[in-house]
Amino acid sequence: MTVPARSRAAEGAGAPAGPPAAPAGGRARPAFLRGRSWLPWLFLAPGLLLATVFKFYPMVEGFRLSLFEVQPFLGNIWVGLDNYATVLTDPRFQSAIGHTVILAVGQTAGGLIVGFALALLLEGQARSLWFLRTAVFLPVVTALAVVGEIWRLLYFPTEGGFLNSLLGAVGVGPMPFLDSPDSALWSVMAVGIWVLGPYNMVIILAGLTGVDRNLYEAAAVDGASIGQRLLHITLPALRPALAIVLTLSAIRGLRIFTEVYVLTGGGPSGSTEVWMTRVFSLGFERNDIGVASAASVLLLIATMLLTLGVQYATRRKAAS
Amino acid sequence: MSILTSASGNVGGTVPGGNGRRRRNGARTGHRFDSALGWSPRPGPGLALRILLCAIALFVFAAPFVAIVSGAFDARTDSTQLSLIPNSPTLDNFEAAGPAGVWGYFANSLFIVGGGLLLQMTVAVLAAYALARRKFRGQALVMVLFLLTMMLPEEIIAIPLSIVIGDLPLVGISLKGTVFGVILPVGAWGFSILVMSEFMKEIPKEIEEAARLDGVGELRMLLQIVLPLCRPALGVIGVFGFIMIWDQYLLPMIAANDPGDYTLTVALSLLRSDPEVGPGLVVAGAVIALVPSLIVYLCLQGSLVRGLTSGATKG
């Protein structure tokens, strides 16, 4: 064990040793720590092992497979970037990417608006408001697959379906919802907003409690309207909360799978096929591992770029 | 500790009943600054509008749950006949769940969420202890690696992950068809490691030093000194871990050998496409899958809100 390593370890145990530790510290602490530089690694081992085997190795393996035409039992053939070209030129992938972007943008925007509206509506300390917030948050804790099953039933496309009977009461004819290529994507998006809205609500509510009440009072003295107060005091104070909400929902939107798979399975006639459902059917149903891996790698890159982009944009806005 | 507990309400600036200096608006002054929209608790058009909007919100977000619970207890459940109150209450749908194998799927789900959560929390506590309470070479790199696991959800690595589950590298064991095929991949989760280590960093060094002088060993230090102080953080990683594992869909699907290995959430779509199974049973299955989430949510609601909002109030 080297000298610098030992001094670092001693520092770790608490360099600004308090008075009670000082007399015994000279002997007791180094004796305990000497030769123990491997100790943190022992504690880290389970996590690092699991992350390596089930996260990083698959990631690297995914990169590798994306460069091959994968043939079980026959041996893989190196094809370079051909798989990527296949993904980007395949019309079904192009429309899947289009649907994914529409869903991601629509859900992010819709979730933000619904979450903001819910937070403004349910802000307060009253017990009744706490109860309402608890009830409204239910969709978030429910497993997505269960949410999907619930909405399949609510969306039932005949006159007796739950949603259609409500619409019928106000004189709107039965809608096909998930059954028609024209409305399926929007119906899926509505379910996404239904889950994202309450999630965002909680984050925005936390941001709202941090707004200085004296500013509201000062604005009232200056004769500002509620709208001006919202725009000039509340919104700027919510910037960190909104940055989190935007990042999380955009990433979620890009890798959307469970809701779509349960609600429509990508149909009808491919109208709700998204990036991940396409990868799933290529990789697990058609066994086209190489192309599916290339598509996964592209999705990973898109997710990372998006995360970095949002981070960069919010940092810059905060600085200016 | 400040980060994790900062979600509690801030009631600063509330002056009940006005403070005499601003008499213009009489008694309403105090409430005008409680919320961003200046809601007033006094009867009037503002309150009526708020109650109406709250009723709509409650209906939109809660009515679907009421409808499926009512459907599960309804004798003639038909996808087309969901209503808020069962027409003819019965337990038939739940009795039919047994022969259809719903309880078997439910048991799979419980095994996976129990084992997965135990593993995930153990891994997080151990890793966080090293990251927060020790200094060593490569610390920053390890933290980055753990954060990176959050960027690699099961969806993005699904295809190579299914290969790994079928044939573990180096040891060559297949986990397909066992609960470990789902439990082990969810073991290392950056979120819980991050939350745990942020929390452990706040524990004063003096406590640890005093214990060390008494000759407390490393493992006892973690289990008997540090861990009892971390209960709020354990609540946060517990509830988030539960939701994360219960929500797994693709992973149980690719880790299964045959549909008997599915979790209940995955099996729901299987039940739905089975012509011999009525829609009443699917609804009952959905309700059964809902119950654990509800229990965990209602018991650990505070932890859930703390975890969600930990980042929202800091700059």
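The values are calculated or read from the model by the stated rules, or taken from the named source; none is laboratory data. This one's a predicted model, so the numbers in the text were calculated from it and none came from an experiment. Cβ: placed from backbone, ideal geometry, glycine included. Neighbour counts: every protein chain shown.
Tally time: how many residues in segment A:104-138 are of a type outside the set (A, V, I, L, M, F, W, C) and closer than 23 Å to A:ILE251 by Cα? Spell out the reasoning first.
From segment A:104-138, those of a type outside the set (A, V, I, L, M, F, W, C) are A:106-108, A:110-111, A:115, A:123-125, A:127-128, A:133-134; that's our starting set.
Then keep just the ones that are closer than 23 Å to A:ILE251 by Cα; that gives A:106-108, A:110-111, A:115.
Residues flagged as of a type outside the set (A, V, I, L, M, F, W, C) and closer than 23 Å to A:ILE251 by Cα within segment A:104-138 amount to 6.
Any idea which of B:VAL171, B:VAL164, B:VAL125, B:VAL144 is under 21 Å from A:ILE301 (Cα atoms) and of a type outside the set (Gly, Ala, Ser)? Outline the logic, then answer.
Working: B:VAL171 fails: under 21 Å from A:ILE301 (Cα atoms); B:VAL164 fails: under 21 Å from A:ILE301 (Cα atoms); B:VAL125 fails: under 21 Å from A:ILE301 (Cα atoms).
From the options B:VAL171, B:VAL164, B:VAL125, B:VAL144, the qualifying one is B:VAL144.
Looking at segment A:254-261, is at least one residue under 10 Å from the mean Cα position of the chain (by Cα), more than 9 Å from chain B (Cβ to nearest Cβ) and within 21 Å of A:THR209 (Cβ to Cβ)?
Among the residues of segment A:254-261, not one is under 10 Å from the mean Cα position of the chain (by Cα), more than 9 Å from chain B (Cβ to nearest Cβ) and within 21 Å of A:THR209 (Cβ to Cβ), which makes the answer no.
From the list B:ALA127, B:ALA132, which residue is part of a helix (DSSP H, G or I), modelled with pLDDT of 85 or more and within 23 Å of the chain's Cα centre (by Cα)? It would help to see each step written out before you state the result.
Numbers: B:ALA132 fails: within 23 Å of the chain's Cα centre (by Cα).
Exactly one of B:ALA127, B:ALA132 is part of a helix (DSSP H, G or I), modelled with pLDDT of 85 or more and within 23 Å of the chain's Cα centre (by Cα), namely B:ALA127.
Kindly list the number of the only condition in (1) under 30 Å from B:MET200 (Cβ atoms); (2) touching a helix residue (DSSP H, G or I) at 6+ places or on another chain (Cβ under 7 Å); (3) at the interface with chain A (Cβ under 9 Å from one of its Cβ atoms) that fails for B:PRO153.
(2)
Restricting to segment B:220-234, count the residues that are under 15 Å from B:MET200 (Cβ atoms) and surrounded by fewer than 19 Cβ atoms within 10 Å (Cβ to Cβ).
Pass one, segment B:220-234, residues under 15 Å from B:MET200 (Cβ atoms): B:221-234.
From the residues that got through so far, the ones that are surrounded by fewer than 19 Cβ atoms within 10 Å (Cβ to Cβ) too are B:221, B:223-225, B:227-229, B:231-232.
Result for segment B:220-234: 9.
Within segment B:181-199, is even one residue modelled with pLDDT under 85 and out of contact with any strand residue (DSSP E or B) (no Cβ under 6 Å at 6 or more places or on another chain)? Let's see the steps before the verdict.
We begin by selecting, within segment B:181-199, every residue modelled with pLDDT under 85; these are none.
Taking every residue of segment B:181-199 in turn, none turns out to be modelled with pLDDT under 85 and out of contact with any strand residue (DSSP E or B) (no Cβ under 6 Å at 6 or more places or on another chain).
Among the numbered criteria (1) at the interface with chain B (Cβ under 9 Å from one of its Cβ atoms); (2) touching a Pro at 6+ places or on another chain (Cβ under 8 Å); (3) among the β-branched types (Val, Ile, Thr), which one does A:VAL195 miss?
Only one criterion in (1) at the interface with chain B (Cβ under 9 Å from one of its Cβ atoms); (2) touching a Pro at 6+ places or on another chain (Cβ under 8 Å); (3) among the β-branched types (Val, Ile, Thr) is unmet by A:VAL195, namely (1).
Contact list please: Cβ distance under 7 Å, first residue in segment A:268-281 and more than 14 Å from chain B (Cβ to nearest Cβ), second residue of a type in the set (S, T, N, Q), pairs at least six apart or on different chains.
A:PRO268/A:SER180; A:GLY270/A:SER95; A:THR272/A:THR264; A:GLU273/A:SER95
Among the residues that make up segment B:252-274, is at least one of them free of Cβ contacts under 8 Å to residues at least 24 places away in the same chain, closer than 24 Å to B:SER303 by Cβ and not hydroxyl-bearing (Ser, Thr, Tyr)?
no
It is to be established whether one or more residues within segment A:33-46 are of a type in the set (A, V, I, L, M, F, W, C), at pLDDT 90 or above and crowded, with 18+ Cβ neighbours inside 10 Å.
Yes, segment A:33-46 contains a residue that is of a type in the set (A, V, I, L, M, F, W, C), at pLDDT 90 or above and crowded, with 18+ Cβ neighbours inside 10 Å.
Quick one: which helices (runs of 4 or more DSSP H) lie wholly within segment A:70-159 and hold at least 3 residues that are on the phi < 0 side of the Ramachandran plot and either away from chain B (no Cβ under 14 Å) or touching a strand residue (DSSP E or B) at 6+ places or on another chain (Cβ under 7 Å) (or both)?
Numbers: elements: A:82-89, A:91-122, A:127-136, A:138-141, A:144-154.
In segment A:70-159, A:82-89, A:91-122 are the helices (runs of 4 or more DSSP H) which contain 3 or more residues that are on the phi < 0 side of the Ramachandran plot and either away from chain B (no Cβ under 14 Å) or touching a strand residue (DSSP E or B) at 6+ places or on another chain (Cβ under 7 Å) (or both).
Looking at segment A:58-75, which of the residues that are at pLDDT 90 or above and either surrounded by fewer than 18 Cβ atoms within 10 Å (Cβ to Cβ) or in contact with a Lys or Arg (Cβ under 8 Å, 6 or more places away or on another chain) (or both) is farthest from B:LEU126 (Cα to Cα)?
Per the stated criteria, the residue is A:ARG64.
Tell me, which helices (runs of 4 or more DSSP H) wholly within segment A:198-258 include 3 or more residues that are under 30 Å from A:GLU273 (Cβ atoms)? Steps first, answer last, please.
On the way: elements: A:213-221, A:226-229, A:239-254.
Correct list: A:239-254.
Just checking, which of A:VAL211, A:VAL260 is modelled with pLDDT of 85 or more and crowded, with 20+ Cβ neighbours inside 10 Å? Break it down stepwise before answering.
Details: A:VAL211 fails: modelled with pLDDT of 85 or more.
Selected residue: A:VAL260, the only one of A:VAL211, A:VAL260 that is modelled with pLDDT of 85 or more and crowded, with 20+ Cβ neighbours inside 10 Å.
Report yes if B:THR29 is of a type in the set (Val, Ile, Thr), modelled with pLDDT under 75 and either within 24 Å of A:PHE116 (Cα to Cα) or part of a loop (DSSP other than H, G, I, E, B) (or both), otherwise no.
Working: of a type in the set (Val, Ile, Thr): yes; modelled with pLDDT under 75: yes; either within 24 Å of A:PHE116 (Cα to Cα) or part of a loop (DSSP other than H, G, I, E, B) (or both): no.
Criteria not met by B:THR29.
Could you list, in sequence order, the residues of segment A:216-230 that are over 26 Å from B:VAL305 (Cα atoms) and either crowded, with 17+ Cβ neighbours inside 10 Å or not polar (S, T, N, Q) (or both)?
The initial filter retains those residues of segment A:216-230 that are over 26 Å from B:VAL305 (Cα atoms), namely A:217-229.
Selection gives A:GLU217, A:ALA218, A:ALA219, A:ALA220, A:VAL221, A:ASP222, A:GLY223, A:ALA224, A:ILE226, A:GLY227, A:ARG229.
Search segment B:161-179 for residues being over 22 Å from B:LEU117 (Cα atoms) and touching a helix residue (DSSP H, G or I) at 6+ places or on another chain (Cβ under 8 Å), and hand back the single one that is surrounded by the fewest Cβ atoms within 10 Å (Cβ to Cβ).
B:PRO169
Mind checking which pairs have a first residue in segment B:119-137 that is facing chain A (nearest Cβ under 7 Å) and a second that is at pLDDT below 90, Cβ under 6 Å, 6 or more apart or different chains?
What qualifies is B:TYR129/B:LEU222; B:ALA130/A:PRO40; B:ARG134/A:GLY12; B:ARG134/A:PRO40; B:LYS135/A:ARG8; B:LYS135/A:GLY12; B:PHE136/A:PRO40.
Go through B:VAL266, B:VAL305, B:VAL277 for me and flag whichever is more than 7 Å from chain A (Cβ to nearest Cβ) and hydrophobic (A, V, I, L, M, F, W, C). Working first, answer last.
Details: B:VAL266 fails: more than 7 Å from chain A (Cβ to nearest Cβ); B:VAL305 fails: more than 7 Å from chain A (Cβ to nearest Cβ).
Result of the check over B:VAL266, B:VAL305, B:VAL277: B:VAL277.
What's the total number of residues in segment A:164-188 that are more than 23 Å from the chain's Cα centre (by Cα) and buried (at least 21 other Cβ atoms within 10 Å of the Cβ)? First the steps, then the outcome.
Of all residues in segment A:164-188, those more than 23 Å from the chain's Cα centre (by Cα) come to A:164-183.
Now restrict to residues that are buried (at least 21 other Cβ atoms within 10 Å of the Cβ): A:164, A:177-178.
Adding up the residues that qualify gives 3.
Which of (1) at pLDDT below 90; (2) within 7 Å of chain B (Cβ to nearest Cβ); (3) in contact with a Phe, Trp or Tyr (Cβ under 7 Å, 6 or more places away or on another chain) does A:LEU163 not meet, given it meets every other one?
(2)
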